[in-house]
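The values are calculated or read from the model by the stated rules, or taken from the named source; none is laboratory data. Keep in mind the model is a prediction, meaning the values are calculated, not measured. As a convention, Cβ positions derive from the backbone with ideal geometry for all residues, glycine included, and neighbour counts pool all protein chains shown. SASA here: full protein model, heavy atoms, side chains in, ligands and nucleic acids out. Shrake-Rupley method; radii C 1.70, N 1.55, O 1.52, S 1.80 Å.
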Amino acid sequence: MAKVNLSEVGKNLLKSADSGEKVELQSLWQDRPLVVFFLRRFGCQVCRWMAAEISKLEPDLRANGVSLVGVGPEELGLQEFKEGGFFKGSIYVDEEKKCYKDLGFKRYNAISVVPAALGKKVRDVSSKASAAGIQGNFSGDLMQSGGMIIVAKGGEKVLLHFIQDSPGDFVPLEDISTALGISSTVKAGQKPVVPVCEERCRPSAFEKG
């Protein structure tokens, strides 16, 4: 896996979903360790489930002085995502997708996206999401993949750099805790507490992620 240049990626601008202010990514890890979850799309059912799953760790992260941030590649679907309460950390938008590019998050094409979206990993997560009352839609950039980066306080080093291969790939909760050197009693698979999205959020029969 390619080495992450924190000084380079840290200068990329992110737009706050709350204030609209643009900040450098590195400002978010300046004073404390940082976990950044990069979503494929705000409307992606699988991404929403992953966001809810990661959010189970938020109390433990906060107790240990760790910030939790979610980043999307575009504003489309942001308001619905916020209203759905899927993510418990701060939310930002990488309008130029610079972080996605610099961190090596791949883009699918018209040919590769279909088998990727219909793969077993995606089907499995989609089933878990549906069981938890989490739905999604097709709005937005369907070709972008995501991942995660965990950075030590002050940008001292990268603690974890994860790149999705399949849209259904995600970092297990215990791996996040281990990378940060903290303990957590949260177990993966516990049903997340997420409001059931209204009818307008429901996917078509083909929505997988």
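Tabulated data
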quantity: Candidates Gly85, Gly104, filtered to the one that is in contact (Cβ under 8 Å) with a residue 12 or more places away in the chain and under 18 Å from Met143 (Cβ atoms); calculated: Gly104
quantity: Candidate set from region 116-147 (those that are over 17 Å from Phe86 (Cα atoms), open to solvent by less than 50 Å² (accessible area, probe 1.4 Å) and hydrophobic (A, V, I, L, M, F, W, C)); member that is modelled with the lowest pLDDT; calculated: Ala116
quantity: Residue count for region 35-56, restricted to those that are out of contact with any helix residue (DSSP H, G or I) (no Cβ under 6 Å at 6 or more places or on another chain) and either in a helix (DSSP H, G or I) or aliphatic (A, V, I, L, M) (or both); calculated: 10
quantity: Tally, over region 62-83, of residues that are under 15 Å from the mean Cα position of the chain (by Cα), surrounded by 16 or more Cβ atoms within 10 Å (Cβ to Cβ) and in a helix (DSSP H, G or I); calculated: 2
quantity: Number of positions in region 155-171 that are outside any loop (DSSP other than H, G, I, E, B) and in contact with a helix residue (DSSP H, G or I) (Cβ under 8 Å, 6 or more places away or on another chain); calculated: 4
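Okay, residues lined up against (1) surrounded by fewer than 20 Cβ atoms within 10 Å (Cβ to Cβ); (2) more than 15 Å from Ala152 (Cα to Cα):
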{"site": "Gly10", "(1), (2)": "yes, no"}
{"site": "Gly20", "(1), (2)": "yes, yes"}
{"site": "Trp29", "(1), (2)": "no, no"}
{"site": "Gly43", "(1), (2)": "no, yes"}
{"site": "Val46", "(1), (2)": "no, yes"}
{"site": "Glu53", "(1), (2)": "no, yes"}
